[in-house]
Amino acid sequence: MTLQELILRFIRGEADWRDLREHGLRIAFTEAEQVTVSGQSGAVVRPSIRDIACGLIKHKADASRLRQWASVILAVNEIDMKALGGNVIGEVFLEALWDAAHGDDVEDTAFSLAEKSCQ
């Protein structure tokens, strides 16, 4: 499996962020829940709205895992979130990622849209 494939699986909630270490991405969380990433490869992944939606749904029930998932997505340079900008649903998901990464509650609207978008 390529790094790009693994990153997409991680984004969709099908793989753990720790699995990215197999491809040389070193990801760590500080005691303050800040994420650091090193060893980046330069490969680019552009997740779709559906990819993000499925990941949101997969992590919805566990606030700690949701926070880590969102934090890693926002920290990994290989993940290009531009495809989500300029789209109403994409903007809702970007806000949900920021909220989750900072330990804030994700709006119910984001989860409702994610349920519809992940089908």
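The values are calculated or read from the model by the stated rules, or taken from the named source; none is laboratory data. Note that this is a predicted model, so its numbers are computed, not measured. Cβ placement follows ideal geometry from the backbone for every residue including glycine, while neighbour counts extend to all protein chains displayed.
With R21, R9 as the choices, which residue is without any contact (Cβ under 8 Å) to a residue 24 or more places away in the chain, over 13 Å from the mean Cα position of the chain (by Cα) and not in a strand (DSSP E or B)?
Sole residue among the options that is without any contact (Cβ under 8 Å) to a residue 24 or more places away in the chain, over 13 Å from the mean Cα position of the chain (by Cα) and not in a strand (DSSP E or B): R21.
Pairs, please: C-beta under 7 Å, at least 6 apart or cross-chain, first residue on the phi < 0 side of the Ramachandran plot and without any contact (Cβ under 8 Å) to a residue 24 or more places away in the chain and in the stretch 106-119, second part of a helix (DSSP H, G or I) and surrounded by 18 or more Cβ atoms within 10 Å (Cβ to Cβ)?
Every condition considered, the pairs that remain are E107/A96; T109/V92.
Could you check the stretch 63-109 and list, in sequence order, the residues that are closer than 18 Å to L6 by Cα and among the basic types (K, R)?
Answer for the stretch 63-109, where residues must be closer than 18 Å to L6 by Cα and among the basic types (K, R): just R65.
Listed here are the residues, each with its yes/no results for (1) exposed (fewer than 14 other Cβ atoms within 10 Å of the Cβ); (2) among the β-branched types (V, I, T).
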site: V72; (1), (2): no, yes
site: D80; (1), (2): yes, no
site: G86; (1), (2): yes, no
site: F93; (1), (2): no, no
site: A100; (1), (2): no, no
site: D105; (1), (2): yes, no
site: A114; (1), (2): no, no
site: Q119; (1), (2): yes, no
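Any residue in the stretch 75-102 that is touching a residue at least 24 places away in the same chain (Cβ under 8 Å) and under 16 Å from R12 (Cα atoms) sitting within a Cβ distance under 8 Å of a residue that is part of a loop (DSSP other than H, G, I, E, B) and of a type in the set (G, A, S)? List the pairs, counting only those 6 or more apart or interchain.
From the stretch 75-102, the pairs are E78/S41; E78/G42; E78/A43; A83/S48.
Take the residues in the stretch 12-61 that are out of contact with any helix residue (DSSP H, G or I) (no Cβ under 8 Å at 6 or more places or on another chain) and of a type in the set (S, T, Y), then tell me which one is modelled with the highest pLDDT.
In this case the residue turns out to be S38.
Within the stretch 66-119, can you find the residues that are in contact with a strand residue (DSSP E or B) (Cβ under 8 Å, 6 or more places away or on another chain), in a helix (DSSP H, G or I) and closer than 16 Å to C54 by Cβ?
V72, I73
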